[in-house]
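Enquirer: Below is the structure I would like to discuss, written out as C-alpha cells.
The values are calculated or read from the model by the stated rules, or taken from the named source; none is laboratory data. Being a predicted model, the structure only gives us computed values, none of them experimental. Cβ placement follows ideal geometry from the backbone for every residue including glycine, while neighbour counts extend to all protein chains displayed. Remember, those area values only see protein heavy atoms, side chains included, never the ligands or the DNA or RNA. Shrake-Rupley method; radii C 1.70, N 1.55, O 1.52, S 1.80 Å.
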Amino acid sequence: MERAVEGIIGVVRGYLPDADGEAIRRAFRFSQARHGVQKRSSGEPYLVHPLSVAQIIGQMRLDVPSVLAAFLHDCVEDTATSLEEIKGQFGDDVAFLVDGVTKLSKVEYTSKAARQAENFRKMLVAMARDIRVLLLKLADRLHNARTLEHLSEERRERIARETLDVYAPLANRLGIDWLKGELEDLSFRYLQPAEWSDLSVRVEKTRKQRERFIQEMTRTLAELVAAHGLRATVTGRLKRMFSIHEKMRRQHIEFEQVFDLLGFRVICDTVAECYTALGVIHSQWTPVPGRFKDHIGIPKQNGYQSLHTTVMGPRGIRMELQIRTHEMHKIAVEGIAAHWMYKEGGGLAPGGKDAERFRWLHQIWELQKDVRDPTELMDAVKGDLFSDEVYVFTPAGQVQVFPKGATPVDFAYSIHTDLGHHCSGARVNGAIVPLRYELRSGDSVEILTNPQQKPNKDWLDFVVTSRARAKIRSYLHAEQRKRSQELGQEMLEKEFRKAGVSLAKAEKHGDLERVAKEHRLGSRDELIQAVGYGKIDGRTVVQEVVGSDGEEEKEPPAELRESKLLQLVRRVAGLDSASIKIDTVDDLLVRLAHCCNPVPGDDVVGFVSRGRGLMVHRRGCPRTLELDPDRRVSVSWDSKAKLDRPVTLRITTAHRPGILTAISQAFSDRNINISQVHAKPTSEEEAETAFTFNIAGADKLQELTRALEKLPGVTAVVRV
Ligand code: MN
C-alpha cells in the first residue's frame with residue numbers, strides 16, 4: 001500500500017510540482033491507524049477504499065487538501081475520530097471537506113428515506129459552497145459502485161439506482177465524461193443484470209471485428225487529414241454499454257441497428273483546423289443528414305465543445321465522429337477540473353466565465369433555502385435541476401432560470417407583468433430575435449417594449465412558464481369582456497331600433513338592470529356583454545323590455561320558439577339543468593369542432609360561438625383553453641346518436657419492412673376503410689404516417705388504437 005501512496009504522490013506532482021508529499025503520507029498513516037483492522041464487505045482491509053478514492057482524486061487532478069480528505073473521508077463517520085482532530089492535524093480546509101461528505105449521525109429520523117434525504121441535503125449545501133465536496137463524493141461513489149458485487153442484492157440495487165439517478169447526472173453536469181460513463185455502466189450492470197449480460201455477450205462477439213475496423217479506419221482518417229496538411233491525433237473507440245442500451249431502448253431498435261457502435265475522435269491544434277478537418281472528411285465520405293452538430297460554435301451547457309458528425313464510411317458502415325481541439329478535449333475528459341487546476345493560488349471555486357457556467361451550483365444553494373422539506377428538495381434536485389433548464393442574464397447581469405423552451409415573453413413576464421404585456425421583441429446577445437425565440441443558457445436578454453403592443457392569443461402557443469400563461473390569459477379575458485361590451489351595445493342598439501323602441505329610454509327606466517336580474521346577471525354591463533358574447537340574443541332582450549312595458553305584446557319569432565337556440569339560452573341562463581343532447585351532425589346550431597374532431601362517446605364540452613351556434617370540442621382540446629369559460633355549456637351525446645365521423649390518427653413507426661401492411665391489416669380486420677394516408681419520414685430512424693378514416697364511436701376508436709400500439713415497430717399513436 002505504501003507503494004500505492006507513493007504512486008499517488010507521483011501523479012499529483014505531475015500536475016502540481018510543489019505538492020506536499022509528506023502531508024499525503026501523513027494522511028495515509030492517520031487513516032491506516034484509525035481504520036485499523038476494519039474490513040470491507042469484500043473482505044479486503046478497509047484502507048483499500050480511502051486509498052482508491054485518493055487515486056481517483058489524483059486522476060481528477062484535484063489539489064492536495066482534496067487528496068488528504070480522500071484518505072480521511074470515512075474516519076469521522078466510521079471510526080472514533082472527531083472532526084476537531086482532523087482540523088487540528090490537517091487544517092480547516094481538509095476538515096471542511098471531510099465534514100461535507102460525512103453523513104449526519106446524531107439526529108434521529110422517522111424513516112430511512114428521511115435520513116437519506118437529509119444527508120443528501122447536507123451534501124448539497126456543502127458542495128454548493130465548495131465543489132471539491134461534490135468531486136470527493138463522486139470519487140467515493142465511483143469506488144463503491146466498482147465494488148457493488150460484494151453487497152446484498154437490496155443494498156446493491158439501492159446504491160445503483162441512486163448512482164444512476166443522482167451521481168451520473170452530477171458528473172455529466174460537471175462535464176466529466178469518463179466518470180459519468182463508468183457510473184452509468186456500473187449502475188446498468190446491477191440494475192438490469194439480464195439485459196447487461198445479454199448485451200455484453202453481443203458486444204463481445206463482435207468486438208474483434210469492430211476493433212480491426214477501428215484500427216484500419218483510424219489509420220485511414222489520420223492519413224486523410226495529414227494529406228491535407230493538418231496535424232491531428234485520431235483515436236477510435238467502442239461505445240459504452242449503457243449508451244448502446246439507451247439507444248436501443250429509446251429508438252426501439254435491435255443491437256444490429258445501433259450503427260455507431262464505433263466512434264472516432266479527431267483532435268486538432270486550432271478551431272480553424274477542426275472545421276477544415278470536417279470539410280475534408282465530408283468530402284471523402286457522405287455525411288448523414290441531420291447528424292451534424294456544431295458544439296464548437298454553440299457549446300453545451302456544461303462547457304463541452306466539439307463538432308459532431310456521422311458519415312457513411314467504407315463498406316457502408318456509419319461512423320460517428322467528434323472533432324475538437326486539444327484544449328476542448330482536455331475539458332471533455334477532465335470536466336470542471338480543467339477550468340481551475342492551473343490557476344494561481346490553486347483556489348477551487350471557479351471564477352469569471354466559469355462561474356456563469358456553474359451557476360447551477362449556486363442554484364442548489366438557493367433551492368435548499370426555499371425548500372425546507374428534505375425529501376422535496378431531493379426530488380426537486382433530481383427532477384428540476386437535472387431536467388433541462390436554461391440560465392440567462394438580465395442586462396444588469398442577474399441570472400434568471402427558465403425551463404427549456406422558454407422565450408423572451410416568459411422572460412419579460414418573470415420581471416414584470418407590464419413588461420410582458422408590452423413586450424414587442426427582444427435583443428439577445430445584441431441581436432434582435434423574434435418573440436418565439438427559444439432562450440439558450442448564457443444568453444443575455446434585453447426586452448424591447450412598445451406602448452402599443454398587446455398580448456396576443458398566439459403567445460399562448462409558445463410560452464412555457466405558468467406565470468406568463470396566467471398573465472396572458474387574464475389579459476385576454478379582460479380584453480374579451482371589453483370587446484363584448486362594445487359589440488353587445490352595438491347589437492342591442494340595432495335590435496332596439498329594429499323594434500322601434502328607444503334603448504336610451506329603456507336604460508333610463510332601469511329596464512336593462514331588471515332584465516339582467518331576470519337572467520341572473522349582476523349588472524346591465526354583464527347583460528350587454530352576454531349579448532356581445534352571443535349568450536343572450538338581442539331580440540330576447542328587446543322582447544323582455546317591451547313585454548313588461550305592455551306597450552305591444554310581440555310573439556317571439558317562430559324560429560325561436562322551442563328551437564335549439566332557445567334551449568341554449570335557457571341552459572345558459574340556468575333555466576334548464578339538463579345538458580344539451582347531440583344527436584345529429586346536421587343540426588345547424590351544433591357543430592363538431594374540426595380542431596379535435598369529437599366522435600360519439602368522447603368526453604365533450606360545448607361553447608356558444610357568436611352567430612355559429614354551439615361548437616362542440618373534445619374535453620381537453622387545446623383550443624378550448626383559449627375560449628371564454630363563460631361561454632361554456634355542458635353537452636352530452638344522445639345515446640341514440642349514430643354519427644360516422646372522420647378521424648385522423650398519426651402513427652409513428654420505426655423504418656421496418658412490412659410495418660405499413662400490418663397497420664392496414666389492423667384497419668381492415670375491423671372493417672374500417674381508410675380514406676386517406678399521408679406519410680412522411682421524420683428522421684433516419686422514424687416515419688410518421690397519418691391515416692384518415694370514418695368511425696362511429698370512441699370505444700371503437702380506442703380498441704383500434706390499442707391494437708395499433710401493440711404492433712411491433714409502432715412507437716406512438718396520436719389522434720390528430
Ligand atoms: Mn467512502
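Enquirer: Among the residues of the stretch 287-304, how many are open to solvent by 50 Å² or more (accessible area, probe 1.4 Å) and touching a helix residue (DSSP H, G or I) at 6+ places or on another chain (Cβ under 6 Å)?
Expert: Going through the stretch 287-304 one residue at a time, the tally reaches 0.
Enquirer: Please list, ordered by first then second residue, the pairs with beta carbon atoms under 8 Å, 6 or more apart or interchain, first in the stretch 317-340 and within 30 Å of Glu256 (Cβ to Cβ), second in a helix (DSSP H, G or I) and modelled with pLDDT under 75.
Expert: Close Cβ pairs satisfying both conditions: none exist.
Enquirer: Here's something else I'd like to know. Is it the case that Arg514 is open to solvent by 60 Å² or more (accessible area, probe 1.4 Å), closer than 30 Å to Val604 by Cβ and at pLDDT 80 or above?
Expert: no
Enquirer: Return a yes/no flag: does the stretch 681-700 have any residue that is part of a loop (DSSP other than H, G, I, E, B), over 27 Å from the mean Cα position of the chain (by Cα) and surrounded by 17 or more Cβ atoms within 10 Å (Cβ to Cβ).
Expert: Keep residues of the stretch 681-700 that are part of a loop (DSSP other than H, G, I, E, B), which gives 682-685, 696-697.
Subset that is over 27 Å from the mean Cα position of the chain (by Cα): 696-697.
Still in the list and also surrounded by 17 or more Cβ atoms within 10 Å (Cβ to Cβ): 697.
Yes, the stretch 681-700 contains a residue that is part of a loop (DSSP other than H, G, I, E, B), over 27 Å from the mean Cα position of the chain (by Cα) and surrounded by 17 or more Cβ atoms within 10 Å (Cβ to Cβ).
Conditions tested, residue by residue: (1) under 12 Å from Arg132 (Cα atoms); (2) touching a helix residue (DSSP H, G or I) at 6+ places or on another chain (Cβ under 7 Å); (3) of a type in the set (Phe, Trp, Tyr); (4) not in a helix (DSSP H, G or I).
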site: Ser41; (1), (2), (3), (4): no, yes, no, yes
site: His49; (1), (2), (3), (4): no, yes, no, no
site: Ala54; (1), (2), (3), (4): no, yes, no, no
site: Gly58; (1), (2), (3), (4): no, yes, no, no
site: Val67; (1), (2), (3), (4): yes, yes, no, no
site: Phe71; (1), (2), (3), (4): no, yes, yes, no
site: Val76; (1), (2), (3), (4): no, yes, no, no
site: Gly88; (1), (2), (3), (4): no, no, no, no
site: Ala95; (1), (2), (3), (4): no, yes, no, no
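Enquirer: Name the pairs: first residue in the stretch 140-153 and farther than 20 Å from Thr102 by Cα, second residue near the ligand (Cβ under 10 Å from one of its atoms), Cβ to Cβ under 6 Å, at least 6 apart or on different chains?
Expert: none
Enquirer: Further question: Considering only the stretch 40-61, state which residues are more than 12 Å from the ligand (Cβ to nearest atom), of a type in the set (D, E, K, R) and over 14 Å from Gly7 (Cα atoms).
Expert: Correct list: Glu44 only.
Enquirer: Then there is this: Output the residue which, of all residues in the stretch 76-104 that are in contact (Cβ under 8 Å) with a residue 12 or more places away in the chain and over 40 Å from the mean Cα position of the chain (by Cα), is nearest to the ligand (Cβ to nearest atom). Let's see the steps before the verdict.
Expert: At the first step, the residues of the stretch 76-104 found to be in contact (Cβ under 8 Å) with a residue 12 or more places away in the chain are 76-81, 83, 86, 89-91, 93-104.
Filter once more, so that each one left must be over 40 Å from the mean Cα position of the chain (by Cα): 79-81, 83, 86, 89-91.
On the way: Thr79: 12, Ala80: 17, Thr81: 14, Leu83: 16, Ile86: 15, Gln89: 19, Phe90: 17, Gly91: 21 Å.
Only one residue tops the list, namely Thr79.
Enquirer: Quick one: how many residues across the stretch 142-164 are surrounded by 14 or more Cβ atoms within 10 Å (Cβ to Cβ), more than 13 Å from the ligand (Cβ to nearest atom) and of a type outside the set (Val, Ile, Thr)?
Expert: Step one: filter the stretch 142-164 for residues surrounded by 14 or more Cβ atoms within 10 Å (Cβ to Cβ), giving 142-145, 147-148, 151, 156-160, 162-164.
This time we only want the ones that are more than 13 Å from the ligand (Cβ to nearest atom), so: 148, 151, 156-158, 160, 162-164.
Those still in the list that are of a type outside the set (Val, Ile, Thr) too: 148, 151, 156-158, 160, 162, 164.
Final tally of qualifying residues: 8.
Enquirer: With Val37, Val64 as the choices, which residue is of a type in the set (Val, Ile, Thr), open to solvent by 60 Å² or more (accessible area, probe 1.4 Å) and away from the ligand (no atom under 16 Å from the Cβ)?
Expert: Working: Val64 fails: open to solvent by 60 Å² or more (accessible area, probe 1.4 Å).
After ruling out the rest, the residue left standing is Val37.
Enquirer: Another one. Cβ-Cβ distance below 8 Å, separation of 6 or more or different chains: which pairs start in the stretch 593-604 with a residue that is closer than 16 Å to Thr692 by Cα and end on one that is in a loop (DSSP other than H, G, I, E, B) and among the β-branched types (Val, Ile, Thr)?
Expert: Taking only residues 6 or more apart or on different chains, the pairs are Asn597/Val720.
Enquirer: Quick check on Arg219: is it under 22 Å from Pro287 (Cα atoms), open to solvent by 30 Å² or more (accessible area, probe 1.4 Å) and outside any helix (DSSP H, G or I)?
Expert: Numbers: under 22 Å from Pro287 (Cα atoms): yes; open to solvent by 30 Å² or more (accessible area, probe 1.4 Å): yes; outside any helix (DSSP H, G or I): no.
Here the answer is no, as Arg219 does not meet what is asked.
Enquirer: With respect to Arg520, is the statement that it is under 25 Å from the mean Cα position of the chain (by Cα) and not in a strand (DSSP E or B) true? First the steps, then the outcome.
Expert: Numbers: under 25 Å from the mean Cα position of the chain (by Cα): no; not in a strand (DSSP E or B): yes.
Here the answer is no, as Arg520 does not meet what is asked.
Enquirer: For the stretch 248-299, how many residues are assigned to a helix (DSSP H, G or I) and among the small types (Gly, Ala, Ser)? Give the derivation first.
Expert: Taking the stretch 248-299 first, the residues assigned to a helix (DSSP H, G or I) are 248-251, 255-257, 271-284.
Next cut, among the small types (Gly, Ala, Ser) only: 272, 277, 279, 283.
Residues flagged as assigned to a helix (DSSP H, G or I) and among the small types (Gly, Ala, Ser) within the stretch 248-299 amount to 4.
Enquirer: Separate question: Residues that are acidic (Asp, Glu), under 23 Å from Tyr304 (Cα atoms) and at pLDDT 80 or above: does the stretch 417-438 have at least one? Step through it out loud before you land on a result.
Expert: Of the residues in the stretch 417-438, the ones acidic (Asp, Glu) are 418, 438.
Now drop any that are not under 23 Å from Tyr304 (Cα atoms), which leaves 438.
Retained after the next criterion (residues that are at pLDDT 80 or above): 438.
Looking for residues that are acidic (Asp, Glu), under 23 Å from Tyr304 (Cα atoms) and at pLDDT 80 or above, one finds at least one in the stretch 417-438, hence yes.
Residue-wise test of (1) closer than 23 Å to Leu72 by Cα; (2) away from the ligand (no atom under 16 Å from the Cβ); (3) in contact with a Gly (Cβ under 7 Å, 6 or more places away or on another chain); (4) not aromatic (Phe, Trp, Tyr).
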residue: Leu134; (1), (2), (3), (4): yes, no, no, yes
residue: Ala168; (1), (2), (3), (4): no, yes, no, yes
residue: Gly175; (1), (2), (3), (4): no, yes, yes, yes
residue: Gly181; (1), (2), (3), (4): no, yes, no, yes
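Enquirer: Out of the stretch 462-472, which residues are closer than 16 Å to Arg623 by Cα and either part of a loop (DSSP other than H, G, I, E, B) or in contact (Cβ under 8 Å) with a residue 24 or more places away in the chain (or both)?
Expert: Selection gives Phe462, Val463, Ile472.
Enquirer: Can I ask one more? Inspect all residues belonging to the stretch 2-18 and state whether any of them is within 16 Å of the ligand (Cβ to nearest atom), at pLDDT below 90 and open to solvent by 20 Å² or more (accessible area, probe 1.4 Å).
Expert: Within the stretch 2-18, not a single residue is within 16 Å of the ligand (Cβ to nearest atom), at pLDDT below 90 and open to solvent by 20 Å² or more (accessible area, probe 1.4 Å).
Enquirer: Go through the stretch 689-707 and report how many residues are of a type in the set (Asp, Glu) and at pLDDT below 85.
Expert: Narrowing the stretch 689-707 to residues of a type in the set (Asp, Glu): 699, 703.
Next, only the ones that are at pLDDT below 85 stay: 699.
Total meeting the criteria: 1.
Enquirer: Identify, from the list Ala396, Ala406, the residue that is surrounded by fewer than 22 Cβ atoms within 10 Å (Cβ to Cβ) and in a loop (DSSP other than H, G, I, E, B). Show your work before the answer.
Expert: On the way: Ala406 fails: surrounded by fewer than 22 Cβ atoms within 10 Å (Cβ to Cβ).
Answer to the check: Ala396.
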